[in-house]
Amino acid sequence: MARRRRRACIALFLVLLFAFGTLMGLRTLKAPDGLPALGPGLELASFERRPEGVPMPAARAPAAPAAPPPPPLRPSGPRSPPDPAPAEVEPAPARSLRVYSDLHAFYYSWYGSPRREGHYVHWDHVMVPHWDPKISASYPRGRHSPPDDLGSSFYPELGPYSSRDPDVLREHMAQLREAAIGVLVLSWYPPGMADDNGEPSDDLVPAILDTAHQYNIQVAFHIQPYKGRDDITLHDNVKYIIDTYGSHGAFYRYKNSMGKSLPLFYIYDSYLTSPEAWAHLLTPNGPHSIRNTPYDGVFIALLVEEGHTHDILAAGFDGMYTYFASNGFSFGSSHQNWKAVKNFCDANNLMFIPSVGPGYIDTSIRPWNNHNTRNRVNGKYYETALQAALTVRPEIVSITSFNEWHEGTQIEKAIPKKTPTRLYLDYLPHQPNLYLELTRRWAEHFIKEKEQWLM
């Protein structure tokens, strides 16, 4: 009897020992670091590692209150021009690329080359002297000498092109579409006029409109401060633009809250004319008011100084934009001021259009202006600006610029280039289309955010 009891105790001890060992073994079975533990609805196939910042597939990811910022781009490794698209990004067919009319980009058609114009235009930009002769004496003077020496710190993938080249126009529209930009804002001078370094280009507008239309892109006008511009001549400009180009399918019209579609005009350096003079044109009771006429529009003034906000309101403008891509350069271009500006605009029924840029460097044409340079930091500067713009919930975001190469604000494709006298900046370690791709990602994020704001 005692022997049977002893055997039972031994058997019970062995069972308990086996159970304890099994329990401890199971406790050591856990998922490897960085992978989720098994749970309902999770199969082994879902354990593939993903790049940091990339969410789980939508069907398996938890719901989020707002769309997160787009995941960062990764360097694509060494390459040599011409450059293919990054291996990890499958380009969408052209017909499937959407563009957004809430995204505007400032565009310049002032470039010329020997093949088209018989000489270079703008690529040979002069080095502008400082206004203080003592400072100016310390810096180089003269004119750049293309094709190796351009008035730019970057080198375009297309080379020093002509804006009149139909192939260039098509390539530009394709790049704008790749970036999801729906509105090209054309720098414009009246017929027969141009900036100090350019040539008249109003005759190029029909080709720009026609080409833009083929790519589902619209064209707005960025009216520049030519000599003698005032409220009277601007009335003539607006009438000319609408009469000449207003019936074109690519001519941009903004649909306001009342459901009315009106042409939208950006007025560069609007502060050069007094608010009282602008009010003659832009207020309903002005002596030659444009309001409620066939030439009415949405007129957007340039905000530089803080006091300009009240001047713009008194002048009768419909809104303001900031243009400059150098954060901190002016009150208007400083990201930290955008919330206050947006609040002012909301309180006074004005539109606020912040301008974002990928960086700024104009020392190729203003060698003394290094203090305003803003490094691109491989796209991070651009993304910071885009995030700052979205934070204030604007209706439209403008980009400075698609192709202002002199000031280094372009998102157009650039390539590495070294010549006997110059070493150009580039977008390495990324591809030439880095800023087009970043723009599209943020454009899609912007549209999703706007949908949530409306909800």
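The values are calculated or read from the model by the stated rules, or taken from the named source; none is laboratory data. These figures come from a predicted structure and were not determined experimentally. Don't worry about glycine lacking a Cβ; one is built from the backbone with ideal geometry, like all the others, and counts go over all protein chains shown. The area values use the complete protein model at the heavy-atom level, side chains included, leaving out ligands, DNA and RNA. Shrake-Rupley method; radii C 1.70, N 1.55, O 1.52, S 1.80 Å.
With respect to Pro146, is the statement that it is assigned to a loop (DSSP other than H, G, I, E, B) and at pLDDT below 95 true? Here the answer is no, as Pro146 does not meet what is asked.
Residues checked against (1) free of Cβ contacts under 8 Å to residues at least 60 places away in the same chain; (2) of a type in the set (Val, Ile, Thr):
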| site | (1), (2) |
| --- | --- |
| Ser330 | yes, no |
| Leu350 | yes, no |
| Pro354 | yes, no |
| Thr363 | no, yes |
| Trp368 | no, no |
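Quick test for you: out of His280, His335, His308, pick the one residue that is of a type outside the set (A, V, I, L, M) and under 30 Å from Tyr155 (Cβ atoms). Let's see the steps before the verdict.
Details: His280 fails: under 30 Å from Tyr155 (Cβ atoms); His308 fails: under 30 Å from Tyr155 (Cβ atoms).
Sole residue among the options that is of a type outside the set (A, V, I, L, M) and under 30 Å from Tyr155 (Cβ atoms): His335.
Which one is nearest to Tyr271 (Cα to Cα) among residues in region 204-255 that are aromatic (Phe, Trp, Tyr) and in contact with a strand residue (DSSP E or B) (Cβ under 6 Å, 6 or more places away or on another chain)?
The initial filter retains those residues of region 204-255 that are aromatic (Phe, Trp, Tyr), namely 215, 221, 226, 240, 245, 251-252, 254.
The next check asks that each one be in contact with a strand residue (DSSP E or B) (Cβ under 6 Å, 6 or more places away or on another chain); those that pass are 221, 245, 252, 254.
Working: Phe221: 18, Tyr245: 27, Tyr252: 24, Tyr254: 23 Å.
Residue satisfying both the conditions and the ranking: Phe221.
Scanning region 112-167 for residues that are under 18 Å from Pro200 (Cα atoms), surrounded by 13 or more Cβ atoms within 10 Å (Cβ to Cβ) and of a type in the set (D, E, K, R) yields Arg116, Glu117, Asp124, Arg164, Asp165. Any idea which residue in region 392-412 is nearest to Tyr254 (Cα to Cα), counting only those that are in a helix (DSSP H, G or I) and open to solvent by less than 10 Å² (accessible area, probe 1.4 Å)? Looking at residues that are in a helix (DSSP H, G or I) and open to solvent by less than 10 Å² (accessible area, probe 1.4 Å), I get Trp405. The helices (runs of 4 or more DSSP H) located wholly in region 222-328 that include 1 or more residues which are open to solvent by less than 10 Å² (accessible area, probe 1.4 Å) and under 27 Å from Ala340 (Cβ atoms) occupy 275-282, 308-315.
If you filter region 172-221 down to residues that are among the small types (Gly, Ala, Ser) and part of a strand (DSSP E or B), you find that the one that is nearest to Leu434 (Cα to Cα) is Gly182. Put simply, of Leu386, Leu454 the only residue that is at pLDDT 95 or above, farther than 24 Å from Val168 by Cα and of a type outside the set (Asp, Glu) is Leu386.
Residues considered: Ala385, Ala389. Of these, the only one that is surrounded by 21 or more Cβ atoms within 10 Å (Cβ to Cβ) and free of Cβ contacts under 8 Å to residues at least 60 places away in the same chain is Ala389. Quick one: which residue in His280, His288 is in contact with a Ser or Thr (Cβ under 8 Å, 6 or more places away or on another chain) and not polar (S, T, N, Q)? Just a single option satisfies the conditions, and that option is His280. Every condition in (1) of a type outside the set (Lys, Arg); (2) assigned to a loop (DSSP other than H, G, I, E, B); (3) surrounded by fewer than 22 Cβ atoms within 10 Å (Cβ to Cβ) holds for Asp346 except the one numbered (2).
So, Tyr254, is that one at pLDDT 95 or above, within 29 Å of the chain's Cα centre (by Cα) and within 22 Å of Ala279 (Cα to Cα) or not? Please lay out each step first, then the result.
Details: at pLDDT 95 or above: yes; within 29 Å of the chain's Cα centre (by Cα): yes; within 22 Å of Ala279 (Cα to Cα): yes.
Considered against the rule, which asks whether it is at pLDDT 95 or above, within 29 Å of the chain's Cα centre (by Cα) and within 22 Å of Ala279 (Cα to Cα), Tyr254 comes out as yes.
Of all residues being acidic (Asp, Glu) and either within 10 Å of Tyr155 (Cβ to Cβ) or buried (at least 17 other Cβ atoms within 10 Å of the Cβ) (or both) in region 413-446, which is farthest from the chain's Cα centre (by Cα)? Just the residue, please.
If we filter region 413-446 for residues that are acidic (Asp, Glu), which is where we start, we get 426, 437, 444.
With either within 10 Å of Tyr155 (Cβ to Cβ) or buried (at least 17 other Cβ atoms within 10 Å of the Cβ) (or both) added as a condition, the list becomes 426, 437.
Working: Asp426: 18, Glu437: 10 Å.
Here the answer is Asp426.
Checked against the criterion of being modelled with pLDDT of 95 or more, β-branched (Val, Ile, Thr), open to solvent by 10 Å² or more (accessible area, probe 1.4 Å) and closer than 26 Å to Glu437 by Cα, the candidates Ile361, Ile353 yield just one match: Ile361.
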